[in-house]
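Okay, so here's the structure we're looking at.
The values are calculated or read from the model by the stated rules, or taken from the named source; none is laboratory data. If you're wondering where the values come from, they're calculated on a predicted model, not measured in any experiment. So basically every Cβ, Gly included, is an ideal-geometry build from the backbone, and we count neighbours across all protein chains shown.
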């Protein structure tokens, strides 16, 4: 039979079906978001036969990965098919906010009075701004151009700089990107949070690059 009730029941996990592993469940939540554009915690809890606490943890993890945006009682889809770097600025700014704030404060401490600095359009670079107010005679060059144009500009910034300091939160480590604007050897310092993978931090330090964990 194809009535509405039988269709609804077929979309739920049967008691006889094996429990999904966490990555499998989260992958299915992403698919539901792609199809429905929004989900609720109670519905997902019933669908996957897990607690609402577990679902909230899933949605929090998906938001950190840029795959969902949490709302009161559920979540909505991010821009369809968008990679984390292509999400709206306000969504990206909310991600890893505390870590970015600490990174921004630490990075700003290396800026001296009278210097000229260039900040790109990333949310991590933006986190430096509140901590630059006490600097005197500071010249800041920044841009609002995104994606490809932004990476052409980033490369020019790197080539013109005497010292290059990378500011990035721990979620950016070990990520594959479509373009590289600065070779690792060009960096003199990386400022990141304590969630950065220890093995990668060790490897970078062995190259003679200072890594500051904040």
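Among the numbered criteria (1) closer than 16 Å to residue 125 by Cα; (2) at pLDDT 65 or above; (3) touching a strand residue (DSSP E or B) at 6+ places or on another chain (Cβ under 7 Å), which single criterion is violated by residue 157?
Here residue 157 meets the rest and fails (2).
Are there any pairs, at least 6 apart or on different chains, whose C-beta atoms fall under 7 Å, with the first in the stretch 25-40 and assigned by TED's automatic domain parsing to the domain that holds residue 61 and touching a residue at least 40 places away in the same chain (Cβ under 8 Å) and the second outside any helix (DSSP H, G or I) and exposed (fewer than 14 other Cβ atoms within 10 Å of the Cβ), and if so, which?
Once the first residue is assigned by TED's automatic domain parsing to the domain that holds residue 61 and touching a residue at least 40 places away in the same chain (Cβ under 8 Å) and sits in the stretch 25-40, its partners that are outside any helix (DSSP H, G or I) and exposed (fewer than 14 other Cβ atoms within 10 Å of the Cβ) give 37/76.
In the stretch 183-214, what count of residues is obtained for those that are assigned to a loop (DSSP other than H, G, I, E, B) and in contact (Cβ under 8 Å) with a residue 24 or more places away in the chain? Spell out the reasoning first.
To start, the set of residues in the stretch 183-214 that are assigned to a loop (DSSP other than H, G, I, E, B) comprises 183, 187-188, 193-197, 207-209, 214.
Next cut, in contact (Cβ under 8 Å) with a residue 24 or more places away in the chain only: 188, 193-197, 209, 214.
Count: 8.
Yes/no matrix, rows are residues, columns are (1) modelled with pLDDT of 85 or more; (2) touching a strand residue (DSSP E or B) at 6+ places or on another chain (Cβ under 8 Å); (3) buried (at least 16 other Cβ atoms within 10 Å of the Cβ):
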{"residue": "144", "(1), (2), (3)": "no, no, no"}
{"residue": "188", "(1), (2), (3)": "yes, yes, no"}
{"residue": "192", "(1), (2), (3)": "yes, yes, yes"}
{"residue": "213", "(1), (2), (3)": "yes, yes, yes"}
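Just one of 139, 116 is in contact with a strand residue (DSSP E or B) (Cβ under 7 Å, 6 or more places away or on another chain), outside the structural domain of residue 77 (by TED's automatic domain parsing) and at pLDDT 75 or above; which is it? Lay out the reasoning, then the answer.
Numbers: 139 fails: at pLDDT 75 or above.
The match here is 116.
Anything in the stretch 30-69 that is modelled with pLDDT of 90 or more and not in a helix (DSSP H, G or I)? List them, or say none.
39, 40, 49, 50, 51 - these are the residues of the stretch 30-69 that are modelled with pLDDT of 90 or more and not in a helix (DSSP H, G or I).
Of the residues that sit in the stretch 13-29 and are in contact with a helix residue (DSSP H, G or I) (Cβ under 9 Å, 6 or more places away or on another chain) and loosely packed, with under 14 Cβ neighbours inside 10 Å, which one is modelled with the highest pLDDT? Spell out the reasoning first.
First pass over the stretch 13-29, keeping only residues in contact with a helix residue (DSSP H, G or I) (Cβ under 9 Å, 6 or more places away or on another chain): 13, 19-20, 22, 25-26, 28-29.
Those still in the list that are loosely packed, with under 14 Cβ neighbours inside 10 Å too: 19, 22.
Details: 19: 69, 22: 87.
Looking at the filtered set, the residue picked out is 22.
Test residue 6 against the stated conditions and say whether it is outside the structural domain of residue 167 (by TED's automatic domain parsing) and either at pLDDT 90 or above or part of a loop (DSSP other than H, G, I, E, B) (or both). First the steps, then the outcome.
On the way: outside the structural domain of residue 167 (by TED's automatic domain parsing): yes; either at pLDDT 90 or above or part of a loop (DSSP other than H, G, I, E, B) (or both): no.
So residue 6 fails the test.
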